[in-house]
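Chemist: So that we are looking at the same thing, I have put the structure below in structure tokens.
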Amino acid sequence: MNKHDIIGIMSGTSLDGVDLAHCTFEESGNGYIYNLNVCETIPYSDEWLNRLKTLHLASAIEYAEIHTAYGRYIGRLIHEFINDNKITADFVASHGHTIFHNPGKNYTSQIGEGAAIAAGCGLPVVCDFRTGDVAAGGQGAPLVPIGDQLLFAQYDYCLNLGGFANISMQLNGNRIAWDISPANIILNHIAGQKGKSYDKNGEMAASGSINSDLLLTLNSLGYYHIQPPKSLGREWIEKEILPMLKLYNISHEDAACTFCEHIAIQIAACLENDSKKQMLITGGGAFNTFLIQRIAAHTTVELIIPDNKTVNYKEALVFAFLGLLRMQGKPNCLASVTGASRNVSGGAIYLP
């Protein structure tokens, strides 16, 4: 069997930090066998948090500067990660951090310049995974479903509860997937108004009550009536969700409770109500006990929450896998998922 050691790098919209995962993949006649080895999350400093939160409002010059600076920052983190843990890797696969995502206007942008990463860590780098799919007419998201299909095929559904909730599944022999709704990007926003970085275990939401008017308005948003493929970005949040939350003069606890119910309803609407089916749940929202309880209340599908390492680092693992497929010249963006004109082997390759 061919063995590949890859470092996967992920930074999600919830701004938890930079996830680094040293992953091993072995090829066999049945596909790929993976192992998550050393994993680490580096929280963002206040300086980087402020930069990333406001970069979409910056000038072109500032954007270019931070695109490179972020690449150098990632390269340095990888270099330290390798030295501290005494690991070796064939190459790095970096998702970057999404600043713009508007496939309807044919663009998406993830910062973290590949040449700067490669220079900083001394390894080949695969990055910029989304733009090839968007150029082929696709949504450029979600990209994780190829990993769900080839690495987690034992589950009927794979749900990620990150900044956005997204799901993937097999339908008529094809993998399909889409962004369901906002998740932690809004729950963290509400918690931030109370001076918290996030709502631990969903305790704040659990202490609130559902506002039926807000819930009805949220569930009536046009996005939920569009058939996949479809994806969400910060731009949609700023246009549709944040102004709506300001209209309702309710407590932060009630807002969090209502939004958890909204997420749960939208997730359940994607599922067959079949107790024989299983759904793998990963991402930071898997630790939100209240949200998981509300999802369970709306479906009979068995909810599977794996070990903490898989919960926290599945996305970094899959982007390492996307990098491997790119290096092998194999498709890593599925047209059945994104709506592109063809499957794409996405990602730019930089050598140190």
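The values are calculated or read from the model by the stated rules, or taken from the named source; none is laboratory data. Note that the structure is predicted; figures quoted are calculated from it, not measured. Backbone-built Cβ (ideal geometry, glycine too); neighbour counts: all protein chains shown. Areas reflect the complete protein model, heavy atoms only, side chains present, ligands, DNA and RNA absent. Shrake-Rupley method; radii C 1.70, N 1.55, O 1.52, S 1.80 Å.
Chemist: List, please: which pairs have Cβ atoms under 8 Å, are six or more places apart or on different chains, and start with a residue in the range 1-30 that is assigned to a loop (DSSP other than H, G, I, E, B) and end with one that is among the hydrophobic types (A, V, I, L, M, F, W, C) and crowded, with 22+ Cβ neighbours inside 10 Å?
Modeler: Pairs that qualify, where the first residue is assigned to a loop (DSSP other than H, G, I, E, B) and the partner is among the hydrophobic types (A, V, I, L, M, F, W, C) and crowded, with 22+ Cβ neighbours inside 10 Å, are Ser11/Val18; Thr13/Phe164.
Chemist: Can you list residue pairs whose Cβ atoms sit under 9 Å apart, with the first residue in the range 235-251 being farther than 19 Å from Ser181 by Cα and the second being modelled with pLDDT of 95 or more and in a loop (DSSP other than H, G, I, E, B)? Count only pairs 6 or more apart in sequence or on different chains.
Modeler: Taking only residues 6 or more apart or on different chains, the pairs are Tyr248/Asn211; Ile250/Gly208; Ile250/Ser209; Ile250/Asn211; Ser251/Gly208; Ser251/Ser209.
Chemist: Still on this model: Of the residues His79, His67, His56, which is closer than 13 Å to Ile7 by Cα and in a helix (DSSP H, G or I)?
Modeler: Just a single option satisfies the conditions, and that option is His79.
Chemist: Which condition from (1) open to solvent by less than 10 Å² (accessible area, probe 1.4 Å); (2) assigned to a helix (DSSP H, G or I); (3) in contact (Cβ under 8 Å) with a residue 40 or more places away in the chain; (4) not hydroxyl-bearing (Ser, Thr, Tyr) is the one that Ile281 breaks?
Modeler: Condition not satisfied by Ile281: (2).
Chemist: In the range 293-344, what residues are in a loop (DSSP other than H, G, I, E, B), more than 19 Å from the chain's Cα centre (by Cα) and surrounded by fewer than 19 Cβ atoms within 10 Å (Cβ to Cβ)?
Modeler: His298, Thr300, Gln328, Gly329, Lys330, Pro331, Ser341, Arg342, listed by residue number.
Chemist: Related question: I need the full set of residues from the range 75-94 which are in contact with a Phe, Trp or Tyr (Cβ under 8 Å, 6 or more places away or on another chain) and open to solvent by 10 Å² or more (accessible area, probe 1.4 Å), in order please. Quick ask: steps written out before the conclusion?
Modeler: Initially, the range 75-94 is screened for residues in contact with a Phe, Trp or Tyr (Cβ under 8 Å, 6 or more places away or on another chain), giving 87, 93-94.
Result: Ile87, single match.
Chemist: Also, I was wondering about something else. Given the conditions (1) in a strand (DSSP E or B); (2) loosely packed, with under 14 Cβ neighbours inside 10 Å; (3) under 18 Å from the mean Cα position of the chain (by Cα), which single one is not true for Thr108?
Modeler: Condition (2) is where Thr108 drops out.
Chemist: So, one more: Does Thr98 satisfy the criteria of being buried (at least 18 other Cβ atoms within 10 Å of the Cβ), in a strand (DSSP E or B), touching a His at 6+ places or on another chain (Cβ under 9 Å) and in contact (Cβ under 8 Å) with a residue 12 or more places away in the chain?
Modeler: no
Chemist: Could you grab me the full set of residues in the range 231-258 that are at pLDDT 95 or above, in a loop (DSSP other than H, G, I, E, B) and either closer than 16 Å to Ile185 by Cα or not hydroxyl-bearing (Ser, Thr, Tyr) (or both)?
Modeler: Once the filter is applied, which keeps residues that are at pLDDT 95 or above, in a loop (DSSP other than H, G, I, E, B) and either closer than 16 Å to Ile185 by Cα or not hydroxyl-bearing (Ser, Thr, Tyr) (or both), the range 231-258 yields only Ile250.
Chemist: In the range 231-243, is there at least one residue being closer than 30 Å to Gly132 by Cβ, open to solvent by less than 40 Å² (accessible area, probe 1.4 Å) and not hydrophobic (A, V, I, L, M, F, W, C)?
Modeler: Checked against the condition, which is being closer than 30 Å to Gly132 by Cβ, open to solvent by less than 40 Å² (accessible area, probe 1.4 Å) and not hydrophobic (A, V, I, L, M, F, W, C), the range 231-243 yields at least one hit.
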